[in-house]
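Okay, structure first, notes after.
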Amino acid sequence: MKNFTIALIVVIAFIFLSALFVVPEGQRAIVIQFGKIQRDAQQNVVVYEPGLHFKLPMIETVRKLDARVQTLDDAQDRFVTAEKKDLLVDSYVKWRISDFGAYFLATGGNTAQAEVLLKQYINNGLRTEFGARTIPEIVSGERTQLMQSALQQAGEASKELGIAVVDVRVKQINLPQEVSSSIFARMEAERHAVAREHRSKGMEEAEIIRADVDARVTVMLADAERNSRTVRGDGDAIAANVYADAYNKNAEFFSFIRSMEAYRKSFNSKDDVLVVQPDNDFFKYMKSDKVQN
């Protein structure tokens, strides 16, 4: 009898514990009974909030679902633009469960399966938006409008999954490697052409400036030479007048001074030898006893 009582207590405790379940913070739970989701009188899915709850042991099973905002950040995909150019787009999606019953029926509560289906909806929306725009339109400021349109399309399509798309963001847009190489080569060639054009224009302008400076220098030198000759001529004329005035005032004294200067220059060195006739006029003042005033 005692053993039966203990066994009964154990069974009751096991049944009681089996009837309890705890929903952690950040999660929600639904109860499955005979393969069907538990619903209330209005046929709405019963969703259990975080806390301690009861269920029918061995008849009902509990599936816990993450109610937090999830991030779908997959590998980049290839999209075609309006001008039939390929782009590699790296994007991410923020989503959460909005209808736990529909989500469980569509995905079986499998997050990976849900993201596969959601990725298809997102890609379809992005493909539509990229296909309606050219590359310059995409990179010149319509990215925000593109993401908003993709978010709207993805949100409407994902309702059947019980998913609410919170945000769609395009992180990076790249050209495929083969396209990037050809574009970079063309850009490099264009920059080289522009550089050559600038260099040729610079050389042309340098030649013009150099020729202008050379012409100005030539004119300045010619003017300076002309002015110097004019000044020299004026100086020679003044000197001639001075000499003429001095000669007219005292011709004999002027002649004497000229002769002394000639003697000094002629006998400047002891090695100089001068051969002239004794009665030559050069020695006129050397033979004279006095100089007449």
*asked:* I'm checking my understanding of the structure. Among residues of segment 72-119 that are more than 30 Å from residue 38 (Cβ to Cβ) and without any contact (Cβ under 8 Å) to a residue 24 or more places away in the chain, which one is least open to solvent (accessible area, probe 1.4 Å)?
replied: 75
_Test: residue 220 is farther than 30 Å from residue 94 by Cα and under 22 Å from the mean Cα position of the chain (by Cα)_ = no
*Out of segment 124-166, which residues are at pLDDT 80 or above and under 20 Å from residue 110 (Cα atoms)?*
158, 159, 160, 161, 162, 163, 164, 165, 166
*Output for segment 30-60, where each listed residue is surrounded by fewer than 11 Cβ atoms within 10 Å (Cβ to Cβ) and polar (S, T, N, Q)*: 42, 43, 44
_Residue check for residue 65: crowded, with 17+ Cβ neighbours inside 10 Å and either of a type in the set (A, V, I, L, M) or in contact with a Cys (Cβ under 6 Å, 6 or more places away or on another chain) (or both)_ = yes
*Among what's in segment 169-178 and is under 17 Å from residue 138 (Cα atoms) and open to solvent by 40 Å² or more (accessible area, probe 1.4 Å), pick the residue that is modelled with the lowest pLDDT.*
175
*Failed condition for residue 121, given (1) among the aromatic types (Phe, Trp, Tyr); (2) out of contact with any strand residue (DSSP E or B) (no Cβ under 6 Å at 6 or more places or on another chain); (3) farther than 20 Å from residue 166 by Cα, with all others met?*
(3)
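The values are calculated or read from the model by the stated rules, or taken from the named source; none is laboratory data. Bear in mind the structure is a predicted one, so any value in this text is a computation, not a measurement. Using ideal geometry, Cβ is built from the backbone for each residue, glycine included, and neighbour counts are taken over all protein chains shown. Surface areas here come from the heavy atoms of the whole protein model, side chains and all, with no ligands, DNA or RNA. Shrake-Rupley method; radii C 1.70, N 1.55, O 1.52, S 1.80 Å.
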